[in-house]
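J.: So that we are looking at the same thing, I have put the structure below in structure tokens.
What follows is calculated from the coordinates using simple rules that are stated; it is not laboratory data. This is a predicted model, so every value here is computed, not measured. Note that we place each Cβ from the backbone using ideal geometry, even for glycine, and neighbour counts take in every protein chain shown.
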Amino acid sequence: MSEHPVHLVIGATGAAGSATARRLAATDVHLVLAGRDRAEVDALSQELGAPGHTIDARDIAAVGALVEGVVEEHGRLDGVANLAGSVLLKPAHLTTPEEFHDTVATNLTSAFAVVRAAAPAMRKAGGSIVLASSAAAQIGIANHEAIAAAKAGVIGLMRSAAATYGAKGVRVNAIAPGLVDAKMTAKLVGNDAQADASRKMHVLGRLGTGDDIAAAVCFLLDPANDWITGQVLGVDGGLGQIRTRG
Ligand SMILES: NC(=O)c1ccc[n+]([C@@H]2O[C@H](COP(=O)([O-])OP(=O)(O)OC[C@H]3O[C@@H](n4cnc5c(N)ncnc54)[C@H](OP(=O)(O)O)[C@@H]3O)[C@@H](O)[C@H]2O)c1
């Protein structure tokens, strides 16, 4: 059994995932990476000296097998962050059934798969699961119907799982980012006019970075914060709760 806490980051090659992995790699945890793209996972794996796995996070059985493999190999699992996800900016009437189903699978099914596999694996010694919601889950932002539905589902899932597994010391929380400079937002952030309009919606006057999200994820993973469960932590420059003047 590993002497060190074992933490698994899924979606490890994204902006938030890679920043979380880099932060964890600088601590005493034994880090395991999982991402979608073999070459990118290998590159990060090499950079951080951490084992890497490829995974389709939409696949409940595959996520189950990944978690089982980590527990078998290291004898414990202390933290899991699911930072796989996507964004879809379309009104409902222009969203195809395939886009809707994929948005739900990538953002909500992946979170369910993580809870389903990781919570029982943590029941003996406790642990922390961090899921990714969105500021768009809690306020109405136009053209976010599919992604807002999926990310609001993550909050319901998180709260129920926090209730189910809390007595066993398993904490379950979610982060809710505002607009973050990331792979999935590259087009939006790359367009000066759109980026400026988005920036103005955040009272702190800037877009988020992967590391802004990583800091919150690591806070929730940290056993020093083990009296926190069932929470949605907005990491959003104020977007989720605060209105700018215009
Ligand atoms: N960026 C934002 O503005 C924003 C806002 C609200 C919520 N969020 C949520 O925050 C989380 C972190 O996103 P981010 O900002 O770091 O964006 P990102 O850089 O685009 O990262 C998303 C990651 O999800 C991975 N992914 C997508 N589908 C997958 C699948 N089926 N299986 C495995 N991995 C998959 C991507 O893999 P590849 O590396 O192979 O592309 C990527 O690494 C996500 O859940 C996202 O929905 C982000």
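J.: In a Gaussian network model over the chain where Cα atoms closer than 10 Å are linked, find which of Ile155, Ile147, Ile55 has the largest mean-square fluctuation.
T.: Comparing Ile155, Ile147, Ile55 in the GNM, the peak value goes to Ile55.
J.: Further question: So, counting K/R as plus one and D/E as minus one, what does the shell of residues with Cβ under 14 Å around Thr103 add up to?
T.: Once all neighbours under 14 Å are counted, the net charge is -1.
J.: Working from the alpha-carbon coordinates of the chain, get Rg over Rh, Rh being the Kirkwood radius.
T.: When Rh is taken as the Kirkwood radius, the ratio is 0.96.
J.: Here's another thing I want to ask about it. Would you mind counting up the charge near Gly210? Only other residues with Cβ under 15 Å from its Cβ, with Lys and Arg at +1 and Asp and Glu at -1.
T.: Neighbourhood net charge equals -2.
J.: Can you give the relative contact order of the range 1-130 as a percent, counting alpha carbon pairs under 8 Å and 6+ residues apart?
T.: Rounded, it is 28 percent for the range 1-130.
J.: Can you give the relative contact order of the chain as a percent, counting alpha carbon pairs under 8 Å and 6+ residues apart?
T.: Computed value for the chain: 20 percent relative contact order.
J.: For the range 201-246, what is the charge dipole size about the Cα centre, in debye to the nearest 20, if Lys and Arg each add +1 at the Cβ and Asp and Glu each add -1 at the Cβ?
T.: Dipole size: approximately 380 debye.
J.: From the convex hull of the Cα coordinates of the range 106-192, what is the mean projected area in square nanometres?
T.: Its average projected convex-hull area is 6.1 nm².
J.: What residue among Glu145, Glu68, Glu98 has the largest mean-square fluctuation in a Gaussian network model of the chain, using Cα springs under 10 Å?
T.: Glu98
J.: Then there's this: Among Gly140, Gly127, Gly169, which one shows the highest mean-square fluctuation when the chain is modelled as a Gaussian network with alpha-carbon springs under 10 Å?
T.: Gly140
J.: Restricting to DSSP H runs of at least four residues, report the calculated mean residue ellipticity at 222 nm for the chain, -39500 (n - 2.57) per run over all residues, nearest 500 deg cm²/dmol.
T.: For the chain, the value works out to -13000 deg cm²/dmol.
J.: Would you mind telling me the antiparallel percentage of the DSSP bridges in the range 1-128, rounded to 5?
T.: DSSP beta bridges in the range 1-128 are roughly 0 percent antiparallel.
J.: Would you calculate the separation in nanometres between label points at Ala224 and Glu47, each defined as 7 Å from the Cα along the Cα-to-beta-carbon direction?
T.: So the two model labels end up 2.5 nm from each other.
J.: Let me ask you something else. What order do you get for Asp28, Asp56, Asp181, Asp212 when you list them from fewest to most C-beta neighbours inside 10 Å?
T.: By the 10 Å Cβ count, ascending: Asp28, Asp56, Asp181, Asp212.
J.: Can I ask one more? What are the ³J(HN,Hα) couplings of the range 7-17, residue after residue, when phi is run through the Karplus curve with 6.51, -1.76, 1.60 and θ = phi - 60°? Round to Hz, x for glycine and proline.
T.: My calculation for the range 7-17 gives 10, 10, 10, 9, x, 5, 9, x, 4, 6, x Hz in order.
J.: Which cross-chain or sequence-distant (5 or more) residues have an amide H under 5 Å from the amide H of Val180, H modelled 1.01 Å from N in plane?
T.: Long-range HN contacts for Val180: Gly208.
J.: For the range 62-191, what's the relative contact order in percent, using C-alpha pairs closer than 8 Å and at least 6 residues apart?
T.: Relative contact order for the range 62-191 comes out at 29 percent.
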